[in-house]
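The block underneath contains the structure these notes are about, expressed in structure tokens.
Computed from the coordinates by the stated procedures, all read-outs in this text should not be read as laboratory data. Here the structure is a predicted model, which means the values were calculated and not measured. Cβ placement follows ideal geometry from the backbone for every residue including glycine, while neighbour counts extend to all protein chains displayed.
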Amino acid sequence: MRRDSLATPDGKTQGGGSCARKDKDGDVLNEEWLLPAGTEFKGTWKNVGGTGKYANAADTAQWQVVLSQGKMGVVRWMGNCK
């Protein structure tokens, strides 16, 4: 897993990262996510291929952190995964 973030002098944060998930068969799914500057708690993610059954994975969607009572964040994933 790789995560990078940058806080700018105006208080905005931007970031991104990637993750490789290995399933029980040993196939790997590669994912990337992005937090654009100034969007606070929402961004995009995409599957970018992998090995075996995930070789042609190319799904994209959005994610958003929903705050609960101002104390806890829950990530809501939106999109159509196949």
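In the stretch 28-82, which chymotrypsin sites (Phe, Trp or Tyr not before Pro) are in a loop and have at most 16 other Cβ atoms within 10 Å, using DSSP for the loop call?
Passing both the DSSP loop test and the Cβ count: Phe41.
Averaged across orientations, what area in nm² does the convex hull of the alpha carbons in the chain project?
6.4
Considering the dipole of the stretch 2-79 built from charges on the beta carbon (Lys and Arg +1, Asp and Glu -1) around the Cα centre, which of Val74, Ala20, Ala57 is farthest to its positive end?
Val74
Tell me, Lys24, Lys46, Lys53 in order of fewest to most beta-carbon neighbours within 10 Å?
If I rank by nearby Cβ atoms, fewest first, I get Lys24, Lys53, Lys46.
Can you list the GluC sites (Glu not before Pro) in the stretch 7-75 that are in a DSSP coil and have 15 or fewer other beta carbons within 10 angstrom?
Glu40
Among Gly17, Gly43, Gly70, determine the one that fluctuates most according to a GNM of the chain built with springs between C-alpha atoms less than 10 Å apart.
Gly70
Students often forget the sequence filter, so: which lysines lie under 19 Å Cα-Cα from Lys53 once same-chain residues fewer than 8 apart are removed?
Lys22, Lys24, Lys82
So, with +1 on the Cβ of K and R and -1 on the Cβ of D and E, and no other charges, what is the size of the charge dipole of the chain about its Cα centre, to the nearest 20 debye?
180
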